[in-house]
Amino acid sequence: SVVFCTAMMQRPLSSGLRARSRGLLLRWALLVALVVSAGLGAGQERPFLAAPGVLRRGVLAAVAGHLASQTVEAARADPPPVMWSWGQNVKYTIFDAFTVEMPDSYRVLSDKPQADGQAIVWQSDRIGELNQLVALAKTTEAYTLAKALKFDDKMSMKEIGEQLSNKRPFGGSDFLGLKKLDIPEEAYRFEFYNDNIHEYVLHALVKKGSKNVLCSVKLQAPGKLFTFKDRDKTFAKIIDSFKAVA
């Protein structure tokens, strides 16, 4: 092999052949370097004198080891999220006070009915606590939504939203606005955002027989995941599916 390379270098070549020869020599040098690396790693003193089969195995082992290390590093740097497929919506009834629809890929983690209310927790299309959604209902003596939320009736819903933003997770959030639902009951969607989480929070006051029930739905996702694959539009549809039980 050394004689062949020397002969190739000594022959007068055209410019095109010289370029191809340099490329061939570079590839040959790379192959030799891999062989040396594999041979020395295996404890061989003179890898150039190894049998052809041993050389091939050494090269393959070196390449496989390099690819494996790259795969491990990539996995450590950015582990892939667990995702579930999207399907049809499923209607849930909470405390016989209201209904809300969720994609059937959102898994129910807990359902806790109580004497004075009920809470259901779902896992959305990604894992982690910041991707969990909650719907809850609780009876209240209040006759207005503001009172049910522990605020003065004289406050506007915008003012209430600004006050609620101070109580959001991670030390509070920015209040991005609100939307009144197009239903007879008092029902508003509040939007909150901070560096860790983006939320839609629905609060509504509905009647259940002779009782008033404070109904809440909290939909959330971390940071940019809130709008990833139109998740915010899905959340908006969930909020809009809210209906009081007649």
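The values are calculated or read from the model by the stated rules, or taken from the named source; none is laboratory data. This structure is a prediction, so every number in the text was calculated from the model and none was measured. Reconstructed Cβ throughout: ideal geometry from the backbone, glycine too, with neighbour counts over all protein chains shown. Heads up: the accessible areas ignore ligands, DNA and RNA and are worked out on the full protein's heavy atoms, side chains in. Shrake-Rupley method; radii C 1.70, N 1.55, O 1.52, S 1.80 Å.
Based on what the data block shows, is SER110 at pLDDT 95 or above, closer than 24 Å to PRO184 by Cβ and not aromatic (Phe, Trp, Tyr)? No: the conditions fail for SER110. Pairs only if they're at least six apart or on different chains, beta carbon under 7 angstrom, first in the range 112-131 and within 22 Å of PRO222 (Cβ to Cβ), second acidic (Asp, Glu); list them, first residue then second. Within 7 Å, the pairs are ILE120/ASP111.
The single condition among (1) within 21 Å of ALA97 (Cβ to Cβ); (2) part of a loop (DSSP other than H, G, I, E, B); (3) open to solvent by 20 Å² or more (accessible area, probe 1.4 Å) that ALA142 does not satisfy is (3).
Rundown of residues vs (1) aliphatic (A, V, I, L, M); (2) closer than 27 Å to GLU129 by Cα; (3) open to solvent by less than 20 Å² (accessible area, probe 1.4 Å); (4) part of a strand (DSSP E or B), yes/no style:
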{"position": "LEU178", "(1), (2), (3), (4)": "yes, yes, no, yes"}
{"position": "GLU191", "(1), (2), (3), (4)": "no, yes, no, yes"}
{"position": "ASP195", "(1), (2), (3), (4)": "no, yes, no, no"}
{"position": "LEU202", "(1), (2), (3), (4)": "yes, yes, yes, yes"}
{"position": "VAL206", "(1), (2), (3), (4)": "yes, no, yes, yes"}
{"position": "LEU214", "(1), (2), (3), (4)": "yes, yes, no, yes"}
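Here is the figure for the range 162-176: residues that are closer than 16 Å to ASP195 by Cβ and open to solvent by less than 40 Å² (accessible area, probe 1.4 Å) total 3.
Could you tell me whether PHE170 is in a strand (DSSP E or B) and either aromatic (Phe, Trp, Tyr) or closer than 19 Å to ALA148 by Cβ (or both)? Here the answer is no, as PHE170 does not meet what is asked.
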